[in-house]
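Notes follow once the structure below has been shown.
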C-alpha cells in the first residue's frame, strides 16, 4: 500500500517508517506537520495518510490537515494516531469522515500484522476504532444506559464491542469464530434490546448508531 | 479581626502553578510517552524479524506492559492538567469526566474560554463532585456560561452536602455561590475579567 505520514516526534516517526517498510508498504513521504502533509499529497497519490493528532499547526494539526485532505482528495484513507484514545477526538474524526478513517493509540500499532490490518480495513472503506476505546465505551456507557447493556448476553456484549471497533459482520464473525449469519442474529437482538433503529445494512451508519448510543452526548458546545 | 485564609484576588502564584501543571503534562506527552510508544514500534520490528514464535509471544507481552505503563502515564497527566481542557476547554473536558461517572451527567457549555488557572481550578472542583456520584444517583446537569465578566457554573441534582469543594473553589477564586431553595441547584459565580 502507498502511505504518507505526518508526525512531529522524530523518534516515533522513524520507528513507524521502519515498521511500515518491514510490512512491505511504500512510504511516499514522511513529514513533521499538518501543512507539510497537505503540500506533499497535492502531488503524490497515496492510499492512506497516517496523521498524528497533536502536531503543528497547534493544537491539533492532524485534524485540521485531515479536513483539508478529505476535501481535496476524498479517496485517501485517514489513519489518526494519538497518545490519547478519547471519545471527544473520535467524534471530531467522525465529523471529518465516516468512511475510510481510523483512530488508534500510538503504542497499539506496534506490530506488522496490526498495522497492515488497520491500513487494509481503512483502505477497504471501514471505520477502524481503537479497541481500547471501543471496550471502554461498551463497559462504561453513559449512566442511564448501563441497565440496558447489562441486559445483553455475554456474546452480545462481545459483538457490540466489535461493532464499536467498526468491524464488519464478516470481521466480527472472524474474530468470534462464528458464521456471519449468527452475527446478524446477534446484531438484530442487540438493536432490539437497545431500542436502536435496525438499519444494519449500511455499515458506517450502523457503527455511528452504536457509537452515538454508547456515548449518548453530542458535541454541541 | 481574623485574617481571611482565602484571598479574594487570585494570587499570581496560583496562576503560575496552573501553567506549570500544563507544561508538565506537555513534557510527559512529548518526552517519556512518545519514547515509550516508539519503543513499542521497535519491539514490533524485532518481533517481525525473529523466527521464534515463543520469542515473538514474549515481545507481545512486553508491548502489552508498555501499554499499561502508558495508561498510568496518561492517568498521571490527567491529574496534572487534562490535555483536553487545554485544547478544547471546560465543556469537552468535563464531558469526558461525565462519561466515566456512575450517574447520568449532562454538560451544557459555552465555547468561551476562561484561561488555564480558572479552567483548571473549576475543572478539578466539578470533576471531584462528579466522581463522587454514587451508582444510580439521579441525573446531574452542569451548565457553564459567561455573564459579563463572570464565569457562571450552575450545577443541578447534586446531593446538598457534596458541593463543598465547589463552593470552596469559587470562594478561593474570589467568587460566590448561591444554593437554591431546595438545595439542588448550586450556582457559582467567579470573576473572569
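Does residue A:34 satisfy the criteria of being touching a residue at least 40 places away in the same chain (Cβ under 8 Å), within 18 Å of residue A:7 (Cβ to Cβ) and in contact with a helix residue (DSSP H, G or I) (Cβ under 9 Å, 6 or more places away or on another chain)?
No; evaluated as a whole, the condition is false for this residue.
Has region A:74-96 got any residue that is over 17 Å from the mean Cα position of the chain (by Cα) and on the phi < 0 side of the Ramachandran plot?
no
Suppose we keep only residues that are under 21 Å from the mean Cα position of the chain (by Cα) and in a helix (DSSP H, G or I) within region A:16-26. Which one would you say is surrounded by the most Cβ atoms within 10 Å (Cβ to Cβ)?
The qualifying residue surrounded by the most Cβ atoms within 10 Å (Cβ to Cβ) is A:16.
Go through region B:97-117 and give me each residue that's buried (at least 22 other Cβ atoms within 10 Å of the Cβ) and within 24 Å of residue B:27 (Cα to Cα).
Scanning region B:97-117 gives a single hit, B:97.
Determine if region B:160-173 includes at least one residue that is surrounded by fewer than 18 Cβ atoms within 10 Å (Cβ to Cβ) and assigned to a loop (DSSP other than H, G, I, E, B).
no
Of everything in region A:95-110 that's surrounded by fewer than 22 Cβ atoms within 10 Å (Cβ to Cβ) and away from chain B (no Cβ under 14 Å), which residue is nearest to residue A:126 (Cα to Cα)?
The selected residue is A:99.
Which one of these is within 10 Å of the chain's Cα centre (by Cα) and closer than 22 Å to residue B:186 by Cα: B:78, B:91, B:120?
Among B:78, B:91, B:120, only B:120 is within 10 Å of the chain's Cα centre (by Cα) and closer than 22 Å to residue B:186 by Cα.
Testing residue B:120 on (1) more than 11 Å from every other protein chain (Cβ to nearest Cβ); (2) touching a strand residue (DSSP E or B) at 6+ places or on another chain (Cβ under 9 Å); (3) surrounded by 16 or more Cβ atoms within 10 Å (Cβ to Cβ); (4) not in a loop (DSSP other than H, G, I, E, B), one condition comes back false. Which one is that?
Only one criterion in (1) more than 11 Å from every other protein chain (Cβ to nearest Cβ); (2) touching a strand residue (DSSP E or B) at 6+ places or on another chain (Cβ under 9 Å); (3) surrounded by 16 or more Cβ atoms within 10 Å (Cβ to Cβ); (4) not in a loop (DSSP other than H, G, I, E, B) is unmet by residue B:120, namely (2).
So which residues in region B:96-117 are touching a strand residue (DSSP E or B) at 6+ places or on another chain (Cβ under 9 Å) and closer than 14 Å to residue B:78 by Cα, if there are any at all?
B:97
If we scan region A:97-110, do we find a residue that is free of Cβ contacts under 8 Å to residues at least 12 places away in the same chain, assigned by TED's automatic domain parsing to the domain that holds residue A:23 and under 17 Å from the mean Cα position of the chain (by Cα)?
yes
Could you say which residue among A:53, A:27 is touching a strand residue (DSSP E or B) at 6+ places or on another chain (Cβ under 8 Å) and closer than 24 Å to residue B:70 by Cβ?
A:53
Within region B:76-95, can you find the residues that are touching a helix residue (DSSP H, G or I) at 6+ places or on another chain (Cβ under 9 Å), crowded, with 20+ Cβ neighbours inside 10 Å and in a helix (DSSP H, G or I)?
Those that are touching a helix residue (DSSP H, G or I) at 6+ places or on another chain (Cβ under 9 Å), crowded, with 20+ Cβ neighbours inside 10 Å and in a helix (DSSP H, G or I): B:77, B:83, B:84, B:85, B:88, B:90, B:92, B:93, B:94, B:95.
Working carefully through the options A:42, A:4, find the one that is touching a residue at least 12 places away in the same chain (Cβ under 8 Å), touching a helix residue (DSSP H, G or I) at 6+ places or on another chain (Cβ under 9 Å) and farther than 19 Å from residue A:103 by Cα.
So the residue among A:42, A:4 that is touching a residue at least 12 places away in the same chain (Cβ under 8 Å), touching a helix residue (DSSP H, G or I) at 6+ places or on another chain (Cβ under 9 Å) and farther than 19 Å from residue A:103 by Cα is A:42.
Can you tell me which residues in region A:146-170 are surrounded by fewer than 19 Cβ atoms within 10 Å (Cβ to Cβ) and touching a helix residue (DSSP H, G or I) at 6+ places or on another chain (Cβ under 7 Å)?
Listed by number, the residues that qualify are A:148, A:151, A:152, A:155, A:156, A:157, A:158, A:170.
Would you point out which residue out of B:126, B:97, B:140 is over 12 Å from the mean Cα position of the chain (by Cα) and either within 11 Å of chain A (Cβ to nearest Cβ) or under 21 Å from residue B:184 (Cβ atoms) (or both)?
B:140
Consider residue A:115 carefully, then state whether it is buried (at least 23 other Cβ atoms within 10 Å of the Cβ), touching a strand residue (DSSP E or B) at 6+ places or on another chain (Cβ under 7 Å) and modelled with pLDDT of 95 or more.
no
Looking only at residues in region B:48-75 that are within 8 Å of another protein chain (Cβ to nearest Cβ) and either in contact (Cβ under 8 Å) with a residue 60 or more places away in the chain or over 26 Å from residue A:8 (Cβ atoms) (or both), which one is surrounded by the most Cβ atoms within 10 Å (Cβ to Cβ)?
Here is the first cut: in region B:48-75, the ones within 8 Å of another protein chain (Cβ to nearest Cβ) are B:48-49, B:60, B:63, B:66-67, B:70, B:74.
Restricting the remaining residues to those that are either in contact (Cβ under 8 Å) with a residue 60 or more places away in the chain or over 26 Å from residue A:8 (Cβ atoms) (or both) gives B:49, B:60.
Values: B:49: 10, B:60: 15.
Out of the qualifying residues, it is B:60.
Could you tell me whether any residue of region A:120-130 is within 14 Å of chain B (Cβ to nearest Cβ), crowded, with 18+ Cβ neighbours inside 10 Å and at pLDDT 95 or above?
Yes, because at least one residue in region A:120-130 is within 14 Å of chain B (Cβ to nearest Cβ), crowded, with 18+ Cβ neighbours inside 10 Å and at pLDDT 95 or above.
The values are calculated or read from the model by the stated rules, or taken from the named source; none is laboratory data. Note that the coordinates shown come from a computational prediction; the quantities given were computed from them, not determined experimentally. Here Cβ is always computed from backbone atoms with ideal geometry, including for glycine, and neighbour counts include all displayed protein chains.
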